[in-house]
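Working notes, beginning with the structure itself.
Every number in this text was worked out from the coordinates using simple rules, so none of it is lab data. What you see is a predicted model; the values in this text were computed from it and never measured. All Cβ positions, even for glycine, are placed from backbone atoms using ideal geometry, and neighbour counts span all protein chains on display.
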Amino acid sequence: MEVKNKIILALDVNTMESAMKIAGKVSDYINTIKIGYPLALAEGLESITQIKEEFDCNVIADFKVADIPETNSKIADLTFNAGADAVIVHGFVGNDSVEACLESAEDHGKDVFLLTEMSHPGASRFLKGVSEDIAAMGVEMGIKNYVAPATKLDRLEKIRNIVGNDSFIISPGVGAQGGDAAKTLRFADAVIVGRSIYLAEDPENVVKSIIDGIKL
Ligand code: O7M
């Protein structure tokens, strides 16, 4: 996926009106938007379709899909039919559940991002112990797109070493969660940024300063 300025906007707002307004303010600099449960549950899967139509951007659906294969297939099919270019899938559920999403992605000509480790402190208890194995499973399955945390650069580096330099890693946790974009991009291909942008008085200015910080 070609991510302009290496920044993905996490559009975790509750109304289409707010989503359109924020995306409109940064659309000169950002071509990839992540839509997750807040917007999709508030406004429906139609939110994916509308954002894609309005901004002609990449849409990554962050549904952290984590069910049995049969249910995963249905979730992925619905997501891709709504226009998403990619869906984010949990790895801890195992290869058959992930494979179901890969098959759906292949049928629709879309992508899967495999979530390895997470950015919040609580992830250390369960996910940290298995995240390297999840990444290794992704490699075995031929997956090329991954999610790994910007808040734990040592973990991000480990995941990068496992998935290799020809894989594409997107990394959440920059800004509000304390991660730094430039440092994260030493190991990741793009950063995911939400609150620092959508809660800002001047979202365009925040995006510009992230871009400047990356170039330093
Ligand atoms: O910049 P923020 O903290 O407001 O938003 C970060 C976004 O990334 C938000 O949409 C989270 O749901 C998501 N995210 C994490 O913050 N941590 C993770 O470990 C994983 C994700 C994510 O995108 O998962 C796919």
Two-decimal Rg/Rh across region 1-55, once Rg and the Kirkwood Rh are taken from alpha-carbon atoms: 0.94
Equivalent ellipsoid dimensions for region 108-169 as semi-axes, Å, which come from the Cα gyration tensor, largest first: 20, 12, 11
Cubic angstrom per residue, convex hull over Cα atoms of region 34-187: 117 Å³
Estimated inter-spin distance, Met141 and Lys128, nm [label 7 Å along Cα→Cβ]: 2.5 nm
Computed [θ] at 222 nm, deg cm²/dmol, the chain (DSSP H ≥ 4; -39,500 (n - 2.57); rounded to nearest 500): -13500 deg cm²/dmol
Proximal lysine pairs, region 80-216, alpha carbons under 26 Å, eight or more residues apart or interchain: 16
Mean Cα-pair separation over length for region 1-158, i.e. relative contact order, pairs under 8 Å, 6 or more apart, %: 16 percent
Placed amide H near Phe113: partners under 5 Å, 5+ positions off or other chain: Val87, Ile88, Val89
Alpha carbon centroid spacing (whole Å) that separates region 119-137 from region 95-117: 19 Å
